[in-house]
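K.L.:
First the structure, then my questions, so here it is.
The values are calculated or read from the model by the stated rules, or taken from the named source; none is laboratory data. Worth saying up front: this structure is predicted, and the values here are computed from it rather than measured. Every residue, glycine as well, gets a Cβ built from its backbone with ideal geometry; the counts of neighbours run over all protein chains shown. For the accessible areas, the whole protein counts, side chains as well, though only heavy atoms, and no ligand, DNA or RNA atoms are used. Shrake-Rupley method; radii C 1.70, N 1.55, O 1.52, S 1.80 Å.
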Amino acid sequence: CRSVLAWEPLIQGHLALCAGPATGKTTFIQMLLWQLCERYAPCEAQILAVDMGAENLRDFSAMPGCLGVLREKEGKDIFFYHLERLMEERRKRLSGAGCAVYNRSGKGRMPWLFVAVDNLGSLKKVWEEKQEELFMRLAAQGPNLGIYLIVSAQSVGEIGGRLYEKFKTTLAMEM
């Protein structure tokens with residue numbers, strides 16, 4: 001049975017892809033990011049990507065609207081620093097209103113931010129406790145700030161229960 005897969009972040013929230021090796025998780029994330037770049041102007045949506053695997057997301061660093069691609073564990077401190085600044089800047093600018101409400105108010109436009117993490121398990125191996133807590137805050141507060149996570153993992157267990165409960169949408173892939 002084939003059907004169209006549609007993901008509406010405002011309704012369906014964060015997206016988790018769970019599957020074993022060589023099942024298409026990275027290819028799916030690439031396709032999704034290309035569609036976001038094609039559908040939205042940089043003033044409407046932006047991307048931050050984390051590629052802890054085979055550097056298959058490196059090409060996105062040259063795309064309009066891409067704020068950066070973390071490709072090596074040494075850059076994780078810079079990545080989390082900027083992620084925290086982005087969250088704080090959005091929190092201040094939105095003044096308690098959600099991103100969707102703010103964008104409809106006519107006060108300005110806050111672009112959606114998609115944080116794509118290919119191979120969450122590898123990132124979790126190198127992040128520090130404060131970075132894990134920041135990621136947890138992002139998962140909890142992100143949708144209100146207009147920030148949506150797209151993560152891939154080998155299994156739901158690799159994501160972890162506390163984090164996984166923040167995801168409204170999970171795709172299990174198999175070949």
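K.L.:
If you take the charge dipole of the chain about its Cα centre, with +1 on Lys and Arg Cβ and -1 on Asp and Glu Cβ, which of 120, 10, 75 is farthest toward its positive end?
P.N.:
Towards the positive end, the residue furthest out is 10.
K.L.:
Under the rule of at least 5 residues apart or a separate chain, name every residue whose amide H is placed under 5 Å from the amide H of residue 113.
P.N.:
Amide H neighbours of residue 113, under 5 Å, 5+ apart: 46, 147, 148.
K.L.:
Report the paramagnetic label zone for residue 63: residues of the range 7-26 whose backbone N is under 20 Å from a point 7 Å from Cα along the Cα-to-Cβ axis.
P.N.:
Of the residues in the range 7-26, 7-18, 23-26 have backbone N under 20 Å from the label point off residue 63.
K.L.:
Evaluate the charge dipole of the chain about its Cα centre and quote only its size in Debye, nearest 20, assuming +1 on the Cβ of each Lys and Arg and -1 on the Cβ of each Asp and Glu. Don't skip to the end; give the middle numbers.
P.N.:
Numbers: 22 positive and 20 negative charges, 130 e Å.
That gives a dipole near 620 debye.
K.L.:
Something else now. Could you tell me whether the range 1-149 comes out rounded, prolate or oblate from its Cα gyration tensor? Rule is a ≥ b ≥ c as square roots of the eigenvalues, rounded for a/c under 1.5, then prolate if a/b exceeds b/c, otherwise oblate.
P.N.:
In terms of gyration-tensor shape, oblate.
K.L.:
Can you list the HN-Hα couplings for the range 113-121, worked out from phi with the Karplus curve (6.51, -1.76, 1.60; θ = phi - 60°), rounded to whole Hz and with x for Gly and Pro?
P.N.:
Working through the residues one at a time gives 10, 10, 9, 9, 10, 8, 6, 4, x Hz.
K.L.:
Given a 1.4 angstrom probe, I'd like the percentage of the accessible area of the chain that is carbon and sulfur, rounded to a whole number.
P.N.:
Details: 4770 of 9340 Å².
After summing per-atom areas, the C and S share lands at 51 percent.
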